[in-house]
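Taking it in order: structure first as structure tokens, then the write-up.
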Amino acid sequence: MENINAIAALFGTLITLLLSVVAYFIKQLHTDFKSMEKDLIEVKTMALIIKTEFKSGNDLLNQKVEYIEKRVHNLELSILKNQDYEK
């Protein structure tokens, strides 16, 4: 009877120890997931900022190209008018 109680106590201690190790690793995993979630939010924010900056730069570049196209068109019209007057 005493051997059975000793074996039961040994298994109880062993199970408690193993559950403690599992709980420790689950706690570490939970901490890692929270950290990863924060990093992912930061990455999404940075991607949104980069996307917005790129879009703004692209819009500005398109405005400059349109302005230059209008100037070239006006210069072409001026040249054509000058050629017509010279004839």
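Worth a mention:
- Seen against the Cα atoms of the chain and their longest principal axis, helix 2-86 is set at about 0 degrees.
- For a straight C-alpha distance cut-off of 21 angstrom, the lysines reachable from Lys64 (same-chain residues fewer than eight places away being disregarded) are Lys51, Lys55.
- For the chain, the mean residue ellipticity at 222 nm estimated from helices alone is -37500 deg cm²/dmol, where every DSSP H run of n ≥ 4 contributes -39500 (n - 2.57) and the total is divided by all residues, rounded to the nearest 500.
- Additional length obtainable on full extension of the chain from Thr16 to Phe54, 0.36 nm per residue less Cα span: 8.1 nm
- Accessible surface ranking that places the most exposed of Phe54, Phe25 first, with a 1.4 angstrom probe: Phe54, Phe25
- Considering only Ser78, Thr13, Met36, and ranking their Cα positions along the charge dipole of the chain that arises from unit charges at the beta-carbon of Lys, Arg, Asp and Glu, the one farthest toward the positive end is Ser78.
- Rg and Dmax of the chain, Cα atoms only, in Å: 37.2, 126
- The alpha-carbon of Lys27 sits under 23 angstrom from the alpha-carbons of these lysines, leaving out residues fewer than 8 places away in its chain: Lys38.
- Computed from label points 7 Å out along Cα-Cβ, the spacing between Tyr24 and Val72 is 7.1 nm.
- Label-point separation, Ile4 to Phe33 (7 Å along Cα→Cβ), nm: 4.2
- In a simple Cβ point-charge model (Lys, Arg +1; Asp, Glu -1; nothing else charged), the chain has a dipole of about 200 debye relative to its Cα centre.
- With all protein chains modelled, accessible area of Glu69 [1.4 Å, Å²]: 110
The values are calculated or read from the model by the stated rules, or taken from the named source; none is laboratory data. Keep in mind that what you see is a predicted model, and the values were worked out from it rather than measured. All Cβ positions, glycine included, derive from the backbone under ideal geometry; neighbour counts span all protein chains shown. For accessibility, only protein heavy atoms count, side chains too; no ligands or nucleic acids. Shrake-Rupley method; radii C 1.70, N 1.55, O 1.52, S 1.80 Å.
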